[in-house]
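Contents: one structure, followed by commentary.
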Amino acid sequence: MKAKIYLEGGGDSRELRIRCRAGFRKLLESAGFKGQMPQLIACGGRNSTYDDFTVAHMNTGADYIAMLIDSEEPVMDPEKTWDHLRAQDGWAQPDGSNDEQVLFMTTCMETWIASDADTLRQHYGSCFRQSALPSHHNIEQRDRHDIQERLNEATCNCAGAYQKNVRSFEVLGKLNPAALEPLASFQRTKRILHEKLQK
């Protein structure tokens, strides 16, 4: 099956976009998609991801096209992704597209990273302060800025402290999918990809 996923992340740097693709590839392979990986395209900013997805949806011959993006804010109904994007970003739903073409990291990629304290501890070592991380209870309803700040705080005493983009994709690629299973956004992404990629 020919599938493409447009990724939010990587900024304007070619090197960062390579790291972005690599981090998501490693995570998806660990989650059980090795051997059936979609093509991953790092798009940089949020609006660029939407623009690239929209063009691809209208013009490409792929069987499944999606974008994997931050939801930015908590999602009222995880299955009504375009309703959320219309309210959050003012984005129009492309003709012929559906809700399963939008895969959310709720509310941001750092939510997924902060949910795997064991991997963070292994990556950073004894300088890592797990107590600074947000509680896992209702973590997908937390403000994205709070999650990012707490992740920075948990690693601030470490060499190579967490920084969005610069080191985030390296950590992303090491995450244990089992630690992300309680997250509704991760569960949904896995479910949809299993359905789409195994056809």
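The condition of being in a helix (DSSP H, G or I), out of contact with any Leu (no Cβ under 8 Å at 6 or more places or on another chain) and closer than 22 Å to Lys26 by Cβ holds for His123.
Close Cβ contacts (under 7 Å, 6 or more residues apart or on different chains) running from residues in the stretch 182-199 that are closer than 14 Å to Gln101 by Cβ to residues that are in a helix (DSSP H, G or I) and aromatic (Phe, Trp, Tyr) comprise Leu193/Phe33; Leu197/Phe33.
The residue pairs whose first member lies in the stretch 38-67 and is part of a helix (DSSP H, G or I), whose second member is hydroxyl-bearing (Ser, Thr, Tyr), and whose beta carbons are closer than 7 Å, counting only pairs six or more residues apart or on different chains, are Thr49/Tyr6; Asp52/Tyr6; Phe53/Tyr6; Ala56/Tyr6; His57/Ser97.
Taking the criterion of being touching a residue at least 40 places away in the same chain (Cβ under 8 Å), loosely packed, with under 15 Cβ neighbours inside 10 Å, part of a helix (DSSP H, G or I) and not aromatic (Phe, Trp, Tyr), would at least one residue in the stretch 131-145 satisfy it? There is at least one residue in the stretch 131-145 that is touching a residue at least 40 places away in the same chain (Cβ under 8 Å), loosely packed, with under 15 Cβ neighbours inside 10 Å, part of a helix (DSSP H, G or I) and not aromatic (Phe, Trp, Tyr).
Here is the figure for the stretch 147-162: residues that are exposed (fewer than 14 other Cβ atoms within 10 Å of the Cβ) and not aliphatic (A, V, I, L, M) total 3.
Checked against the criterion of being at negative phi and not assigned by TED's automatic domain parsing to the domain that holds Thr60, the candidates Ile147, Ile192 yield just one match: Ile147.
If you go through the stretch 73-126 and pick out every residue that is surrounded by fewer than 21 Cβ atoms within 10 Å (Cβ to Cβ) and over 27 Å from Gly173 (Cα atoms), you end up with 18.
Of the listed requirements (1) buried (at least 17 other Cβ atoms within 10 Å of the Cβ); (2) closer than 30 Å to Arg14 by Cβ; (3) assigned by TED's automatic domain parsing to the domain that holds Gln36, Ala179 misses just one: (2).
The values are calculated or read from the model by the stated rules, or taken from the named source; none is laboratory data. All of these numbers come straight from a predicted model, not from anything done at the bench. Note that each Cβ is placed from the backbone with ideal geometry, even for glycine, and that neighbours are counted across all protein chains shown.
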